Amino acid sequence: MRGGWGALMTAGGVRSDEPAVIMVTALSRLLRDGERVFHGVASPLPMVAILLAKATHAPHLVYINISGGIDPAPSRLPRSTTDPALLEGTRALITLADAFDLSARGELDTVFLSGVQIDARGRINMSAIGDPARPKIRLPGGAGSAFLLPTANRTILWRTRHDSRTFVEEVSFATGSGKVDRVVTPLCVFRRDSEGGRLVLESIHPGVGADDLVARTGFALDLTSIPTTPPPTAAELAALAHVDPEGMHRIEFA
Amino acid sequence: MSKVSSLAAAIAAIPDGSSIALGGNTLHRSPSTAVHELIRQDKRELTLIKTAGAYDIDVLCGAGCVARLIVAYVGFENLRGMALRFRSAIETGQVHLEEHTCASVIAGLRAAVQGIPFMPLAGMTGTDLAPGRFHAVANPYGGGEVMTIPAIRPDWAIVHVQEADSEGNARILGTTFEDALIARAARHVFVTCEKLVSGAELARQPELTTIPAFQVDAVVEAPGGAWPASCAGYYNIDEAAIGRYYEMAAQATPEHIRAFIAEQVEANQCAAVGAR
């Protein structure tokens, strides 16, 4: 089903045309069965994407987060992604230092990170807009980013805002850079070009116009024969409604 | 030997200008009661150390208690957004930020724990946080270089735990975050706990005691001591209280912050007494 919606589908109040639903399913599909996956603070979409992947195509994925609970089965999904709710049902507990050590020795497969700004080479800025010593806007900081980007085997970036101030040719301050593999936004999926290291389009979400995408991206894009992101399937929608009945995948859009 | 203290006396022992590592992570098991008392006693020129802070760092910045921060993240995650008093303190130059990544805070603390001047750390390439601050050294046993992080030795560690005995043996239920590490790295340790329990109770499962009494200077029973942050097994984040703080903090002066904290703490104590 290319280039259009096909039938609009719903399951448990989840609609297949919502940007949050398209993003969370796109993130989930990037995960592989059996791999070790980590997310940090302020990461509701990765939290839901991991649980969705485990409920669909990746039941043996190893889910690690800052609470330290391995493969938790939370009865409610928290707004804070370091919440004790992410300990529920876990049979093993590690520390954050353990998770970083895992990454340091090359045994952490995939990490989810974000950036207030993301540039054409996948570098992220979570630190400051303007002079870092006396910034115009002081940002929250990158938490684990600067260490995880070069050490984890791959990083998936996500960002719920897609405009030309967010996706820029070059960040003024690189909080971190490294092994970025994919970037998922409300408009598209980028992959990192293996030759030039630049972000290139992998797919454009259903209903997104090419002109709009170009206007809202601050670096050059090649739109030649880019496929449409396959819409969420009925099975994905049902699984999403089951793992996230309260809609935590939507809160980053509020 | 009992190390049970009053909150006021324990905090009075911390001089202005101290460096303090705070336990917990973002809005979980933050040592909030101790933080409120630091503000009430009008501490000045503090250095705060933490991987990922939220309310605790923000309110101390807003109250004018802070000169320097060694942190990797300060924010209210997706409950609210940016930490407004932290942000303002950095933008106006009131507070000097030594921005880290979480793993480099841990590496610096590990160096202090081991009594050495720095700790090697993997990665740290491709970040503008490193140049001029963190230095690579040659690997003396083979080729290549490795980045190093200078030791971070706090004067004080302040942690809030679920259970402790009167001598200061402290038991953390659920996630320990960096609490055990900061308690070993710091020169002095102050513990607040939800509940004082007997030494015999701790002796039944000593492996749960994360911080041994010989490292602890003072212990205070402070039910609700993480509020408005969560304390695993006791209470969740008080999202309404975080919301009230956040709305107030948008424009607040240090005087507003102090008055608000005093009022909220009193209201919360009354509510807690009423619930018993």
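The values are calculated or read from the model by the stated rules, or taken from the named source; none is laboratory data. What you are looking at is a predicted structure, and each value in this text was computed from that prediction instead of being measured. Using ideal geometry, Cβ is built from the backbone for each residue, glycine included, and neighbour counts are taken over all protein chains shown.
What to note about this one:
- Odd one out for residue B:22 among (1) within 28 Å of residue A:79 (Cβ to Cβ); (2) touching a residue at least 40 places away in the same chain (Cβ under 8 Å); (3) of a type outside the set (Gly, Ala, Ser); (4) within 14 Å of chain A (Cβ to nearest Cβ): (4)
- Selection of helices (runs of 4 or more DSSP H) fully inside the stretch B:20-108 by the criterion of at least 2 residues being farther than 22 Å from residue B:241 by Cβ returns B:84-91.
- Test for residue A:66: is it crowded, with 22+ Cβ neighbours inside 10 Å, β-branched (Val, Ile, Thr) and either within 14 Å of chain B (Cβ to nearest Cβ) or under 15 Å from residue A:249 (Cα atoms) (or both): yes
- Neighbours by Cβ (under 9 Å, 6+ apart or cross-chain): first from the stretch B:48-70, among the acidic types (Asp, Glu); second in a strand (DSSP E or B): B:56/B:22; B:56/B:48; B:56/B:50; B:58/B:74; B:58/B:75
- The strands (runs of 3 or more DSSP E) falling completely within the stretch A:87-185 include none with 1 or more residues that are within 10 Å of chain B (Cβ to nearest Cβ) and surrounded by fewer than 24 Cβ atoms within 10 Å (Cβ to Cβ).
- Residues being surrounded by 23 or more Cβ atoms within 10 Å (Cβ to Cβ), in contact with a His (Cβ under 9 Å, 6 or more places away or on another chain) and closer than 18 Å to residue A:108 by Cα - total across the stretch A:9-49: 5
- Yes/no for residue B:221 being of a type in the set (Asp, Glu) and within 14 Å of chain A (Cβ to nearest Cβ): no
- On inspection, residue B:264 does not qualify as within 22 Å of the chain's Cα centre (by Cα), surrounded by 13 or more Cβ atoms within 10 Å (Cβ to Cβ) and closer than 30 Å to residue A:88 by Cα.
- Residues of the stretch A:199-229 classified as surrounded by 15 or more Cβ atoms within 10 Å (Cβ to Cβ) and out of contact with any Asp or Glu (no Cβ under 9 Å at 6 or more places or on another chain), total: 8
- Check on residue B:42, among the acidic types (Asp, Glu), under 15 Å from residue B:258 (Cβ atoms) and surrounded by 24 or more Cβ atoms within 10 Å (Cβ to Cβ): no
- Some residue of the stretch B:82-99 being of a type outside the set (Lys, Arg), closer than 30 Å to residue B:235 by Cβ, touching an Asp or Glu at 6+ places or on another chain (Cβ under 6 Å) and within 10 Å of chain A (Cβ to nearest Cβ): yes
- Cβ-Cβ under 7 Å pairs, at least 6 apart or on other chains, the stretch A:37-51 side more than 8 Å from chain B (Cβ to nearest Cβ), far side of a type in the set (Phe, Trp, Tyr): A:37/A:63; A:39/A:112; A:43/A:112; A:45/A:158; A:46/A:112; A:46/A:158; A:50/A:63
- Qualifying residue in the stretch A:205-212 (condition: of a type in the set (A, V, I, L, M) and under 23 Å from residue A:32 (Cα atoms)): no
- Pair list, Cβ < 6 Å and 6+ apart or interchain, from the stretch B:227-250 residues that are within 14 Å of chain A (Cβ to nearest Cβ) to residues that are among the hydroxyl-bearing types (Ser, Thr, Tyr) and surrounded by 22 or more Cβ atoms within 10 Å (Cβ to Cβ): B:229/B:30; B:229/B:32; B:236/B:230; B:237/B:230
- Residue in the stretch B:87-102 that is more than 21 Å from residue A:174 (Cα to Cα), modelled with pLDDT of 95 or more, among the aliphatic types (A, V, I, L, M) and buried (at least 24 other Cβ atoms within 10 Å of the Cβ) present: yes
- No other residue among A:151, A:95, A:166 is under 30 Å from residue A:232 (Cα atoms) and in contact (Cβ under 8 Å) with a residue 24 or more places away in the chain apart from A:166.
- So residue B:127, is it buried (at least 24 other Cβ atoms within 10 Å of the Cβ), under 26 Å from residue B:62 (Cα atoms) and within 9 Å of chain A (Cβ to nearest Cβ): no
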